[in-house]
Amino acid sequence: MKYHSTRNKEQKYSFREAALIGLAPDRGLFVPDTIPQLPAGFFEELPEMDSINMAMRVMRPYVGEDIPEERLHQILKETLAFSLPLRKLDEESYVMELFHGPTMAFKDVGARFMARCMAEFRKGQEEITVLVATSGDTGSAVAHGFYEVPGVKVEILYPKGKISPFQEQQMTSLGGNISAWAVDGSFDDCQRLVKQALNDADLTESLQLSSANSINVARFLPQMIYYFMAYAQLRKRGDCREVVMAVPCGNLGNLTAGLYAHRMGLPIHKFVAAQNANDAFYRYLKEGEYLPKSTIATYSNAMDVGAPSNFSRILELFDHNLEAIRKLIVASSTSDEQTLGQIRQGYDESHYISDPHAAVALHGLQGILGKGQAGIFLATAHPRKFEDVVSRAVPGFNHHKSTSSPGQRKCMSNSYAQLKDVLLV
Ligand SMILES: *Cc1c(COP(=O)(O)O)cnc(C)c1O
């Protein structure tokens with residue numbers, strides 16, 4: 001499989017190159033030249049298939065010869081070493097819980113896969129610095145994914161005061177090859193700093209730099225596996241209805257992975273791109289114009305992304321055809337008030353406690369399901385990670401109060417000059 005940048009189809013890269021570079025030199029995002037199709041027989045066997053073998057079939061064409069088959073099998077086995085259960089909530093809806101990994105958020109799968117690919121690619125070479133901007137969960141997933149991986153140093157940038165103490169603790173407490181920086185600014189500032197560093201020829205001359213954001217192909221592609229797993233579990237339960245899949249969206253990486261899975265042949269009828277007040281994609285589908293705004297802080301803070309970077313991958317996937325996008329994706333925009341209401345309602349009606357991100361997805365799903373359809377919403381974080389918010393909707397929920405220490409917080413301004421100094425020490 002060859003990859004190209006969303007800004008230039010001519011120049012080709014291997015999976016290895018795309019994963020190591022992260023962002024294309026022209027600042028575009030890497031995308032595969034083609035999306036491989038899985039044969040109809042694959043989908044018939046899917047409900048009974050072993051999940052690692054399934055993941056191999058899905059991922060193998062994207063990785064190609066860059067990782068030997070046996071090694072890829074091992075990497076997937078380590079990546080998927082926790083449960084990803086589908087639970088039935090009521091007659092129409094199911095929740096796919098993606099938060100049983102080490103950092104209790106869905107980003108663990110992508111981060112673990114990417115870390116292992118990087119380690120494989122960098123065997124016996126000089127140290128690489130992985131730079132990552134996070135609005136909360138990416139940082140902790142990447143930190144845990146790379147923790148003690150030899151030959152890799154990780155620098156995480158997060159917006160100061162805009163992530164939960166629990167998230168901050170997960171990033172700052174590891175130490176070793178992981179450093180986390182509280183940046184005086186927004187998530188978009190963090191993302192801008194990372195992009196600028198990756199494109200700074202002066203810097204990349206003296207430093208092997210890579211990115212770990214959801215823009216990295218090695219992080220974003222394995223998320224396709226969730227959709228195959230969700231579908232497999234639904235069919236295994238004997239539910240043969242049309243599937244509507246609601247995805248809580250921030251940078252649109254998870255949604256894009258779902259769209260790829262669909263393009264590979266996975267029969268998903270519709271996607272719901274569930275957004276909070278940071279709803280650029282929702283407005284794009286509604287008004288036909290893409291007008292990103294600066295980030296707004298919400299309860300579902302891992303989705304607080306004003307200008308989602310994977311938007312360009314979606315456009316490319318659909319050849320910039322808005323009508324084709326509208327055919328497959330509906331979007332929703334959910335306020336903080338509605339998020340709380342949804343958590344409360346889910347608890348009252350089904351005794352299910354959603355974290356704020358899952359609640360946004362469930363809210364988006366409601367009212368969209370038609371007759372003969374089954375809805376699956378993705379629960380991307382454990383409610384305990386957001387117990388301050390959840391306990392506002394479900395009193396008494398915060399009895400797990402985390403007692404862990406805050407770790408070592410390092411601070412910096414949002415100026416690029418300071419980031420460069422940090423990287424060059
Ligand atoms: C990152 C994240 C999201 C958003 O995923 P994207 O791929 O950035 O759209 C949603 N929920 C949680 C809990 C997250 O950590």
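Observations on the model:
- Selected residue (criterion: nearest to Arg235 (Cα to Cα)) from residues of region 341-359 that are more than 12 Å from the ligand (Cβ to nearest atom) and in contact with a helix residue (DSSP H, G or I) (Cβ under 8 Å, 6 or more places away or on another chain): Tyr352
- All of (1) away from the ligand (no atom under 12 Å from the Cβ); (2) part of a loop (DSSP other than H, G, I, E, B); (3) hydroxyl-bearing (Ser, Thr, Tyr); (4) surrounded by 17 or more Cβ atoms within 10 Å (Cβ to Cβ) hold for Ser309 with one exception: (1).
- Yes/no for Leu362 being crowded, with 16+ Cβ neighbours inside 10 Å, within 16 Å of Thr298 (Cβ to Cβ), more than 16 Å from the ligand (Cβ to nearest atom) and at pLDDT 95 or above: no
- Restricting attention to region 252-300, the residues being within 29 Å of Tyr158 (Cα to Cα) and hydrophobic (A, V, I, L, M, F, W, C) number 13.
- Set Ile296, Ile325: member being modelled with pLDDT under 95 and either of a type outside the set (A, V, I, L, M, F, W, C) or away from the ligand (no atom under 13 Å from the Cβ) (or both): Ile296
- Within region 74-127, the residues that satisfy the criterion of being away from the ligand (no atom under 16 Å from the Cβ), surrounded by 15 or more Cβ atoms within 10 Å (Cβ to Cβ) and in a helix (DSSP H, G or I) are Gln74, Ile75, Leu76, Thr79, Ala115, Arg116, Cys117, Met118, Ala119, Glu120, Phe121.
- Lone unmet requirement of (1) crowded, with 17+ Cβ neighbours inside 10 Å; (2) under 25 Å from Arg192 (Cβ atoms); (3) away from the ligand (no atom under 15 Å from the Cβ); (4) aliphatic (A, V, I, L, M) for Leu291: (1)
- For Ile268: the one exception among (1) among the hydrophobic types (A, V, I, L, M, F, W, C); (2) surrounded by fewer than 21 Cβ atoms within 10 Å (Cβ to Cβ); (3) within 15 Å of the ligand (Cβ to nearest atom): (3)
- Condition met for Tyr282 (of a type in the set (Phe, Trp, Tyr) and either touching a residue at least 60 places away in the same chain (Cβ under 8 Å) or farther than 30 Å from Gly28 by Cβ (or both)): no
- Counting the residues of region 191-236 that are among the aromatic types (Phe, Trp, Tyr) and under 15 Å from Thr138 (Cα atoms) gives 1.
- Hits in region 176-200 - residues which are over 21 Å from the mean Cα position of the chain (by Cα) and modelled with pLDDT under 90: Asn199
- Checked across region 167-177, the condition of being polar (S, T, N, Q), under 21 Å from Leu23 (Cβ atoms) and in contact (Cβ under 8 Å) with a residue 12 or more places away in the chain holds for no residue.
- Residue in region 346-359 that is surrounded by the fewest Cβ atoms within 10 Å (Cβ to Cβ), counting only those that are over 19 Å from the mean Cα position of the chain (by Cα) and part of a loop (DSSP other than H, G, I, E, B): His351
- Qualifying residue in region 176-191 (condition: within 16 Å of the ligand (Cβ to nearest atom), hydroxyl-bearing (Ser, Thr, Tyr) and surrounded by fewer than 24 Cβ atoms within 10 Å (Cβ to Cβ)): yes
- Set Ala261, Ala212, Ala232, Ala274: member being in contact with a strand residue (DSSP E or B) (Cβ under 8 Å, 6 or more places away or on another chain) and away from the ligand (no atom under 12 Å from the Cβ): Ala212
- Among the residues of region 320-357, those that are closer than 20 Å to Thr380 by Cβ and among the small types (Gly, Ala, Ser) comprise Ala331, Ser332, Ser333, Ser335, Gly341, Gly346, Ser350, Ser354.
- Count of residues meeting criterion [part of a strand (DSSP E or B) and either within 14 Å of the ligand (Cβ to nearest atom) or among the basic types (Lys, Arg) (or both)] in region 372-397: 4
- Residues of region 150-169 classified as crowded, with 19+ Cβ neighbours inside 10 Å and touching a Lys or Arg at 6+ places or on another chain (Cβ under 6 Å), total: 1
- Any hit, region 361-371, residues being over 23 Å from Asp137 (Cβ atoms) and either in contact with a Gly (Cβ under 6 Å, 6 or more places away or on another chain) or not in a loop (DSSP other than H, G, I, E, B) (or both): yes
The values are calculated or read from the model by the stated rules, or taken from the named source; none is laboratory data. These figures come from a predicted structure and were not determined experimentally. Neighbour counts run over all protein chains shown; Cβ positions are idealised from the backbone, glycine included.
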